[in-house]
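Accompanying notes for the structure given below.
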Amino acid sequence: MNPNVKIIEEKVLSNNWYVLKKIIFDYRNHKGEWQTQAREAYDRGNGATILLYNKESKTVVLTEQFRMPTYINGNESGMLIEACAGLLDKDNPEDCIRRETEEETGYRIGEVKKVFEAYMSPGSVTEILYFFIAAYTKEMKVNEGGGAEDEQENIDVLEIAYDKALEMINTGEIKDGKTIMLLQHLRLNNIL
Ligand SMILES: Nc1nc2c(ncn2[C@@H]2O[C@H](COP(=O)(O)OP(=O)(O)O[C@H]3O[C@H](CO)[C@@H](O)[C@H](O)[C@@H]3O)[C@@H](O)[C@H]2O)c(=O)[nH]1
Ligand SMILES: [Mg+2]
C-alpha cells in the first residue's frame, strides 16, 4: 500500500474481450499536496514468454504471427517475429509456458529457467510478463506447433541461427520487446 495514493473511483470503459478501466485517484506529490488524477489501465491478465535455444547448433526457436495492433501502427504486413508467449489463464507461469511452448512451437521441453519478470507497458497496461529460457533438441519435437486451432492462432515456427536473430534486431526484422530482451539475455549471460 502506498500512503500517497487514494483510489476514489474505478469505471469500466470497456469489458468486451479484456477490461479497460479509468481510475480516478488522489496522489500526494513531493510537496505534500494532494492532486486528483485520472489514468486508464488495460487489464488483459498476465503472461509468460520463453526463448528456446540449442547450444550445439547455436539456434533459437521463434514464432511468427499476424498482430493486428502492430498492423494499425506502422507494421506494413502485420507479421511479427516473437519468442513463444501466452496468457496465464489460471495456470502458474511455469505450467503456462510449458503448455504454450508445446502448443505454439511443437516442442515438449524439459527444464525451464525463469530469468526475470517485467511490466512491459507500465503507463497503460497492467500486465506483468514472466520470462523463461529453456534448452531444446530435435528429439523434443512432438508436433508441428502452430497454436491452438480453436483460437485461430496461425503461428509459424522459425528455427534461426542465434547470431542471425541478433542481427535481425539491428535490421528491424525483430521488433518485439520481449523477444529482444530474451535474445540479449542469452549473450549477456554467456549462454550462447
Ligand atoms: N476474439 C478475440 N480474440 C483475442 C482478442 N485478443 C486476443 N485474442 C486471442 O487470444 C489468444 C491469446 O493467445 P496467447 O498465446 O495466450 O497470448 P498472446 O496473444 O500470444 O500473448 C502473449 O504475448 C503478448 C505480447 O507480447 C503478451 O502481452 C501476453 O502476455 C502473452 O505473453 C490469441 O489467440 C489471440 O488471437 C480479442 O480481442 N478478441
Ligand atoms: Mg501466444
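Other residues with beta-carbon under 15 Å from the beta-carbon of T137 carry, at +1 per Lys or Arg and -1 per Asp or Glu, a net charge of 0.
Scattering from the C-alpha atoms of the chain alone, worked out with Debye: what is log10 I(q)/I(0) at q = 0.08, 0.15, 0.18 1/Å? For the chain, the Cα-only Debye profile gives -0.33, -0.95, -1.23. The lysines whose alpha-carbon is closer than 23 Å to the alpha-carbon of K21, local same-chain residues fewer than 8 away aside, are K6, K11, K90.
Label-to-label distance for Y71 and E33 is 4.7 nm, based on points extended 7 Å past Cα in the beta-carbon direction. Taken one residue at a time, the phi angles of the stretch 62-79 give Karplus couplings (6.51, -1.76, 1.60, θ = phi - 60°) of 10, 10, 9, 8, 6, 10, 3, x, 6, 4, 8, 9, x, 8, 4, 8, x, 7 Hz. Gly and Pro are set to x. For the modelled label position 7 Å from the Cα of Y18 along Cα-to-Cβ, which residues of the stretch 63-88 have backbone nitrogen atoms closer than 20 Å? Backbone N within reach: 63-75, 78-88.
Computed from the Cβ-Cβ distance with R0 of 30 Å, the FRET efficiency linking I169 to L87 stands at 0.75.
Consider a paramagnetic label point 7 Å from the Cα of I191 along Cα→Cβ; state which residues of the stretch 47-84 have an amide N under 13 Å from it. Correct set: 49-55, 59-61, 83-84.
Summing Lys, Arg as +1 and Asp, Glu as -1, what charge do residues with Cβ under 12 Å from the Cβ of I180 carry, I180 excluded? Walk me through the intermediate numbers first.
On the way: positive: K175, K178, R187; negative: E82, E173, D176.
Once positives and negatives cancel, what remains is 0.
Straight-line reach only, C-alpha to C-alpha below 25 angstrom: list the lysines that K141 could link to, leaving out same-chain residues fewer than 8 apart. In chain and number order, the partners are K55, K58, K113, K114, K164, K178. Residues considered: T101, T70, T49. Largest GNM mean-square fluctuation over the chain, using C-alpha springs under 10 Å, is found at T70. Approximating the spin labels as points 7 Å out from Cα along Cα→Cβ, the Q152-to-N2 distance works out to 3.8 nm.
None of the figures in this text is laboratory data; all of them are computed from the coordinates on show. What you see is a predicted model, and the numbers here were worked out from it, not measured in a lab. All Cβ positions, even for glycine, are placed from backbone atoms using ideal geometry, and neighbour counts span all protein chains on display.
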